[in-house]
Amino acid sequence: MEKKNLIIAALAAVALQAGFTSCSNDSDDDNNSSSNNQIDLTNVVNDDQSALSLVNGVYSHWQPLSSSFSFIIELNSNKLISFEGEESEAGPVNSRFEQQPDTWYQVKIFNHLLLGVAQDNEAITTVKNSLQAGKVTQAGYNAAVGKAKLLRGLAYLKLVQLWGEVPVFTEEGGSTTERRPIDDVFNQIVSDLTDAETLLKDYDGDPRVPSKQAAQALLARTYLVWGDNPLTAAEVQAIANTQTDPVFTKTDSRLEKAVEYADKVISSGRLTLDPDYAKLFGRDYESNKRGTNEHLFTIAHDGDKNDAQGNHQTHCSWTFPFQNGENGRGYSQNHTEVADDNLFDDWKAEQPADKRLAATYLTEVRNPEDGLTYHYYSPVYTPINGKGVDQSYDDAENLEITQNSVDRIEIRYAEVLLTKAEALVQLGRNSEAAEPFNQLRRRAGIETVAAPTFDQIKREWDYEFTYEQFSLLNSLRWKNLVSSVRKVAGYKHYSDSWKSLADYTSDQEAYFQKIHNHLQAKYNNVRGKHYRQPIPTGLSGEDLGIEPQNPGY
C-alpha cells in the first residue's frame, strides 16, 4: 500500500493561498462570490485572468529557489566555496561535498519543486474544468495550462538531473513516493514541454512570460541532457564510494532532437544575442529592458518584500561590500566565494581578450561611497563572482544586496546556440557547429574556429555561463564530475605551503586557511555518489516515504 501522500497534504493550504492571493486584484468579486463567500478549487477560476493567476501561484515555489540552486549546482563543483555562517551550515557543507538528507538546500529545492508540480496539477485540472464549464476561453486555457506544463516540465528536468529516478505524478494520476525509471521521467518532461510548445504564444520580448520558443529551448536542453545518457541508480551504485568517473556514452537520436528544437528557436527570428555581454546581468537590464531579446525565460523578482523570496544571488556573492580589510574597512567573508585565483588566472592566460572575463570575475571594485578602490585577489581576497554583483546602475554594489530584486535568468539565447553546437559536435558534425559556436566567440572578441572540438565546447560553457547554475549539471552530463572537482589540487591555495606565498594579516590568514580547507575537502570528499543528491526529508524534517535512498547516502 502506498504511504501517506505527504506532498499533497502539505499542498492543500499552500495551493489555494498562493494561487488565489496572487490573483485577488484581478478577480471579479461578483463572479467569485458564493452564499458563504467561500473560495475553493470549484469556483476560484471564473475567467481567463483568474485562470492565469492560479497558475502564477506556482511561482511561489520557484522564487525561493533562485539563489538556492547555486548552493548545490555551483558549490558542488570546483568553482565556488561557501562561508555562509558556521562551517556546519548548509552552504559550507555543500562546498565540502558533505551533504546529507537533512541538508537545507537539498531539502528546500527538492520539496519546493515537487510542491510546484502538485500545484501545477491542481491548476491544470481546475482550468480544464472551467473551460468545460464555459468560464474560461480556449485562449485563456492555452495560456494558463501552457504555462503550468512548461513549469512542470522544467521542475521534473531539475529533479531528474539532480536526484535521478524521482516520483512522477500529474493531474491524471501517479505516485508521489514511487521512484520512476529515468526514461519515464524524461518522457513526462518531453510530453509537458511539447504540450507547452503547442499551447503557448510566440515570444513577444517579455521573458517573464513563458513562450513557444521558451518551451522549444527547454526541449533542446532536455534532449541534450537525455542524449548524454544520465546514469541509472545501478550505475551510480557501482561507483558510489570510489573516486572514479563513469564512461561517457550518448544516444544520437536524442542529440538530433536537441538540434531540431534549437533550430526551431533560431529560425523563429525572435531571439538575438545582446551585442554587449556585460549588459545581460543586473536589474536595469532584466526583462529585456534593452530590447535585445536574449533573455528567453526568467523568474521574476521584485525583492524580498514583494515576492516569495527575493533573488539572493547578489546578497550571497556580495554579502559584505568593501569589507576586505583595505582602506580602513573591516574584514568579513561573503556567503559564497570564488574557489581560488586560478579560475581567473587560467581564463586570462587562455583568452586574454575575452570580454566576458571582466564581467564574470571582479578583481577590483571602486566604492561609489568613498571613491576608493578595493582589491579582490590574493593576498587580499579571492575574486568576486561578478554575475552576482549588480553592476547595472550607479551605487549598485551597495544597494542591491538589500533589494534582492534581480530576475533569475533560466534560459537565454546563448544557451540555445551552444546547445546546438554541442549536439552537433557530439554527432561528429563539427564543421556545422562552427556557425552557432562562433556567434558567442565573436561577441566575446576572441578567435573563431572552423570546427570546434568537444573540449572547446566544454570550455565555452565555462566562458559563457560560469556562475549561471550549469557547473554541476554539465559535469553530470559529461561524466567528469570527480575529475573536474579534483582539479582544485592545482589551485594556488590547495598546497600546504600556501602561507609562504605572501605576507598576510591575521584576518587574511584565517580567510585563506578556510579556502585551503575547502579545496582540500573538495578533493578528498568528492565521490561517485555525488552524481546524485541525497533524497531529502520534508520541509519540516518528516520522512517523505520516497525509497530507496540514493546510493552512498
Using a Förster distance of 25 Å, the FRET efficiency for L539-D183 (Cβ separation, nearest 0.05):
0.30
Cα gyration tensor shape for segment 296-452, rounded if a/c is under 1.5, else prolate or oblate
oblate
Solvent-accessible area per residue for segment 153-241 at a 1.4 Å probe radius, Å²?
32
Along the charge dipole of the chain, Cβ charges K/R +1 and D/E -1, which of T194, G325, V247 sits furthest on the positive end?
V247
With every protein chain present, what is the per residue accessible area of segment 369-442 (1.4 Å probe, Å²)?
30
What helix-only [θ] at 222 nm does the chain give? Using -39500 (n - 2.57) per DSSP H run of at least 4, over all residues, to the nearest 500, the answer is -14500 deg cm²/dmol
Placing unit charges on C-beta atoms (Lys and Arg positive, Asp and Glu negative, everything else neutral), compute the dipole magnitude of the chain about its Cα centre in debye, rounded to 20.
1280
Give me the percent relative contact order of segment 153-219, please, defined on Cα pairs under 8 angstrom at least 6 residues apart.
26
Roughly how many percent of the accessible protein surface of the chain is carbon and sulfur, given a 1.4 Å probe and a whole-percent answer?
46
How are the Cα pair distances of the chain distributed, in percent, across 10 Å bins from 0?
4, 18, 29, 28, 16, 5, 1, 0
Treating each Cα of segment 181-286 as an identical point scatterer and ignoring solvent, apply the Debye formula and state log10 I(q)/I(0) at q = 0.17, 0.19, 0.20 Å⁻¹.
-0.90, -0.99, -1.04
From the Cα gyration tensor of segment 379-523, with a ≥ b ≥ c the square roots of its eigenvalues, which class applies: rounded if a/c is under 1.5, or else prolate if a/b is larger than b/c, or else oblate?
oblate
Report the residues of segment 85-108 in range of a label on R329: point 7 Å along Cα→C-beta, backbone N strictly under 20 Å from it.
85
Over the chain, calculate the relative contact order: mean separation of alpha carbon pairs under 8 Å at least 6 apart, over the residue count, as a percent.
20
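The values are calculated or read from the model by the stated rules, or taken from the named source; none is laboratory data. It should be emphasised that the depicted structure is a prediction, and the values quoted were computed from it without experimental measurement. When we count neighbours, we look across all protein chains shown, and the Cβ atoms used for this are built from the backbone with ideal geometry, even at glycine. For accessibility, only protein heavy atoms count, side chains too; no ligands or nucleic acids. Shrake-Rupley method; radii C 1.70, N 1.55, O 1.52, S 1.80 Å.
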